[in-house]
1. Could you please tell me which pairs satisfy a Cβ distance under 6 Å, a separation of 6+ or placement on different chains, a first residue in segment 42-56 that is closer than 16 Å to L88 by Cβ, and a second residue that is among the acidic types (D, E) and surrounded by fewer than 16 Cβ atoms within 10 Å (Cβ to Cβ)?
2. Can you tell me how many residues in segment 131-147 are surrounded by 21 or more Cβ atoms within 10 Å (Cβ to Cβ) and aromatic (F, W, Y)?
3. So for segment 97-108 (the condition being closer than 24 Å to L14 by Cβ, aromatic (F, W, Y) and under 20 Å from the mean Cα position of the chain (by Cα)), does at least one residue qualify?
4. Go over the candidates F72, F90, F150, F128 one by one and state the one that is within 25 Å of P40 (Cα to Cα), modelled with pLDDT under 95, surrounded by 12 or more Cβ atoms within 10 Å (Cβ to Cβ) and under 20 Å from the mean Cα position of the chain (by Cα).
5. Only one of T136, T142, T103, T121 is in a strand (DSSP E or B), farther than 18 Å from H58 by Cβ, among the β-branched types (V, I, T) and at pLDDT 95 or above; which?
6. So which residues in segment 22-51 are under 11 Å from the mean Cα position of the chain (by Cα) and of a type outside the set (A, V, I, L, M), if there are any at all?
7. Give me the pairs: first residue in segment 74-99 and farther than 30 Å from L130 by Cα, second residue loosely packed, with under 13 Cβ neighbours inside 10 Å, beta-carbon distance under 6 Å, and six or more apart or on different chains, which are they?
8. Wholly within segment 1-96, which strands (runs of 3 or more DSSP E) include no fewer than the required count, namely at least 1 residues that are hydroxyl-bearing (S, T, Y) and closer than 25 Å to R146 by Cβ?
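The values are calculated or read from the model by the stated rules, or taken from the named source; none is laboratory data. These figures come from a predicted structure and were not determined experimentally. Cβ coordinates were reconstructed from backbone atoms using ideal geometry, including for glycine residues, and neighbour counts include every protein chain displayed.
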Amino acid sequence: MDITSSKELAGQCLEFIRQFDSVLIGTSDTTGEPDVSYSPVIYHSSRFYILISQLSPHTGHLYQRPTAALLFIEDERDSEQIYARRRLSFSCSAQPCKRDQQTWQTLIPLFRNRFGPIIDTLTGLNDFVLFQLQPTQGRWVTGFGRAYGFSGMDFREPKHLGGGSANETSST
């Protein structure tokens with residue numbers, strides 16, 4: 001099925017996001033050394049929020065280089081084809097939210113409602129910090145030949161990321 005509008009793309013992507021309680025997070029340190037991890041996540045007001053420990057490498061990376069890649073990916077067991085798992089990825093800017101900010105006051109109850117009383121324990125620890133992740137661009141893949149790029153969480157400028165086979169681009 002081809003996507004023909006930002007509205008259609010947004011509907012599919014937001015429905016997919018709602019299936020997840022966590023997200024895979026790619027970060028890198030100041031030397032470019034990559035790291036991949038995961039975190040429980042809340043989607044609110046066109047942004048993603050993660051509550052993470054400063055003892056984790058990815059937290060330090062977000063302070064050093066305030067960017068991250070996020071990946072929501074279909075479970076292998078639910079995929080018809082392992083090479084064509086549905087997935088939604090985002091490039092994001094990252095910003096910590098201070099405990100005395102309105103963002104913290106708004107988001108922590110959402111975390112508590114979704115993830116339970118463990119949030120009271122985590123927020124009672126000084127090493128846990130709330131990060132806001134603002135998507136700048138994304139990619140929605142639903143199968144072979146069905147990949148779409150877009151800008152931001154308003155899914156501007158959806159573009160089919162077509163392409164032929166590798167043989168079509170070779171000089172043989």
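1. Listed pairs, sorted by first residue: none to list.
2. 2
3. No, that holds for no residue.
4. Values: F72 fails: modelled with pLDDT under 95; F90 fails: modelled with pLDDT under 95; F128 fails: modelled with pLDDT under 95.
From the options F72, F90, F150, F128, the qualifying one is F150.
5. Numbers: T142 fails: at pLDDT 95 or above; T103 fails: in a strand (DSSP E or B); T121 fails: in a strand (DSSP E or B).
That would be T136, the only listed residue that is in a strand (DSSP E or B), farther than 18 Å from H58 by Cβ, among the β-branched types (V, I, T) and at pLDDT 95 or above.
6. Within segment 22-51, the first condition is being under 11 Å from the mean Cα position of the chain (by Cα), and the residues that meet it are 22-26, 38-43, 47-50.
Matches in segment 22-51: S22, G26, Y38, S39, P40, Y43, R47, F48, Y49.
7. A84/F144
8. Details: elements: 22-28, 34-40, 42-44, 47-53, 67-73.
Counting at least 1 such residues, we get 22-28, 42-44.
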